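Structure first, then comments.
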Amino acid sequence: MATCAHCKTIETELHENGVPICMQCATIRDAKAKGQNCNIHAALIQDLSKATRRAEVAATDFNATIGNIPSRLPHPDGTQHISNTSRKLTAARKEMLDAHNRLNDFLTRGIVPEDLKREEKGAV
């Protein structure tokens, strides 16, 4: 894989005219071309990146917990620990899905989330 020529931080297999470009930079470039507000777009991309990272961490924790079975934890504690990590994973995945939906709504329909509208007005 090559490193994105624009942000120089993300490895990508996507190439455009022979130049490596990550999905985030390609999406930002497309938003600029469409005349969309890049600050809102960048905030949505950042929210999605953070939510994805939280989901990855939660999945790693859950897999580690499941990998410990049978563990030396007493049965009720072991069951509770599995339940807790499962709930955290479910919540993190929901956050990631919500972030995807917010970004998709902005890109396809131009819908700016209410919390970002307030920030935008406060910055003016």
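Just so it is clear, none of the values below were taken in a lab; they were calculated from the coordinates. Quick caveat: nothing in here was measured; it's all calculated off a predicted structure. Using ideal geometry, Cβ is built from the backbone for each residue, glycine included, and neighbour counts are taken over all protein chains shown.
Side notes on the structure shown:
- For Ile111, the residues whose amide H sits under 5 Å from its own are Phe106, ignoring neighbours fewer than 5 places away on the same chain, with H placed 1.01 Å from N.
- For Ala2, the amide hydrogen comes within under 5 Å of the amide hydrogens of Thr12, counting only partners 5 or more places away or on other chains and with H modelled in the peptide plane.
- Greater than 23 Å apart at Cα, pairs in Lys8/Lys117; Lys8/Lys94; Lys88/Lys117; Lys50/Lys94: Lys8/Lys117; Lys8/Lys94; Lys88/Lys117
- The share of C-alpha pairs in the chain whose separation exceeds 21 Å stands at 56 percent.
- Couplings 3J(HN,Hα) of region 4-10, computed from phi: 3, 6, 8, 8, 6, 10, 9 Hz, in residue order, whole Hz [Karplus 6.51 cos²θ - 1.76 cosθ + 1.60, θ = phi - 60°; x for Gly and Pro].
- Taking the helices alone, the chain has a mean residue ellipticity at 222 nm of -24500 deg cm²/dmol, built from -39,500 (n - 2.57) per DSSP H run of at least 4 residues and averaged over all its residues.
- Relative contact order [Cα under 8 Å, 6+ residues apart], the chain, whole percent: 20 percent
- Local electrostatic count, Ala64, Cβ distance below 14 Å [Lys/Arg +1, Asp/Glu -1]: -1
- Take the chain and mark each of the trypsin sites (Lys or Arg not before Pro) that is in a DSSP loop with at most 15 other Cβ atoms within 10 Å; the longest unmarked stretch, sites excluded, is 9-71.
- A cut-off under 14 angstrom between Cβ atoms defines the neighbours of Ala2, and their net charge, with Lys, Arg +1 and Asp, Glu -1, is -2.
- Each Lys or Arg adds one and each Asp or Glu subtracts one; over the other residues with Cβ under 12 Å from the Cβ of Arg53, this totals -1.
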